Amino acid sequence: MYEEIKEQANRVVLEALEQSGLKQGDIFVVGCSSSTVIGKNFGTSSSVDIAQAIFDGIYPELQKRGIYLASQCCEHLNRAIIIEKSAVGNIEIVNVVPQPKAGGSFSTIAYRTMKEPVAVEHIKADAGIDIGGVLIGMHLKEVAVPIVFETKQIGEAHITGARTRAKFIGGERAHYDDKLK
């Protein structure tokens, strides 16, 4: 099961990266319910093994490109984010260490794996994926554009995702930079 889940996660992140146009230094948020991946309700069957497979399918692809992973914790930690300290600048850091049943298995793996992990309450990511309907929207920049995936699921969990773009302002006489769409 590990290899199948890892491969599905890898396909999803590659699709997201292809459609989002992220560059080095950008932030990619992942919300993940390992319980829904195995067909259970949120928070009922948290699995470090499933989370590890998903993490192993996603994280190396982001690292190769210099893109920061922002792992969204579960509701028990108010959807806090686990991210590398170098990504947060002057954002206030909070003190919490995620656990499989308090933060989520994916965030637990992220915290254990990152070089210098920190927790923050808010981030404005450039793109992301939602594995199992855990609602990553609160951690995206304001103008989110849906990503359409060929790979519809990881395990039993439905996949959604979004990239963001700059706001268009100025009305009908304004001109826009096509690189920011």
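The values are calculated or read from the model by the stated rules, or taken from the named source; none is laboratory data. Bear in mind that the values here come from a model prediction, so they are computed numbers and not experimental data. So basically every Cβ, Gly included, is an ideal-geometry build from the backbone, and we count neighbours across all protein chains shown.
What the table shows:
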| read-out | value |
| --- | --- |
| Answer from GLN52, GLN99 - the residue that is out of contact with any His (no Cβ under 6 Å at 6 or more places or on another chain) and within 18 Å of GLU116 (Cα to Cα) | GLN99 |
| In the stretch 27-46, the residues that are in contact with a strand residue (DSSP E or B) (Cβ under 7 Å, 6 or more places away or on another chain) and of a type outside the set (Val, Ile, Thr) | PHE28, GLY31, CYS32, SER33 |
| Any hit, the stretch 54-75, residues being modelled with pLDDT under 95, more than 15 Å from VAL30 (Cβ to Cβ) and not hydroxyl-bearing (Ser, Thr, Tyr) | yes |
| So LYS23, is it over 22 Å from ALA87 (Cβ atoms) and basic (Lys, Arg) | no |
| Residue satisfying all of: in the stretch 14-52; of a type in the set (A, V, I, L, M) and buried (at least 24 other Cβ atoms within 10 Å of the Cβ); nearest to CYS74 (Cα to Cα) among these | VAL30 |
| Residue list for the stretch 53-98, filter: closer than 16 Å to ILE129 by Cα, buried (at least 24 other Cβ atoms within 10 Å of the Cβ) and free of Cβ contacts under 8 Å to residues at least 40 places away in the same chain | ILE82 |
| Extreme residue, surrounded by the fewest Cβ atoms within 10 Å (Cβ to Cβ), among residues of the stretch 137-177 that are in contact with a Phe, Trp or Tyr (Cβ under 8 Å, 6 or more places away or on another chain) and over 24 Å from ARG79 (Cα atoms) | ALA174 |
| Test set (1) among the aliphatic types (A, V, I, L, M); (2) under 25 Å from PRO60 (Cβ atoms); (3) surrounded by 14 or more Cβ atoms within 10 Å (Cβ to Cβ) - ALA102 fails condition number | (2) |
| Sole residue being within 15 Å of HIS139 (Cβ to Cβ) and either of a type in the set (A, V, I, L, M, F, W, C) or outside any helix (DSSP H, G or I) (or both), chosen from ALA9, ALA53, ALA70 | ALA70 |
| Residue check for SER45: part of a loop (DSSP other than H, G, I, E, B), of a type in the set (Ser, Thr, Tyr), modelled with pLDDT under 95 and over 19 Å from ILE147 (Cα atoms) | yes |
| Spans of strands (runs of 3 or more DSSP E) in the stretch 73-169 with at least 1 residues of a type outside the set (Val, Ile, Thr) and under 24 Å from PHE42 (Cα atoms) | 117-120, 127-131, 144-146, 157-164 |
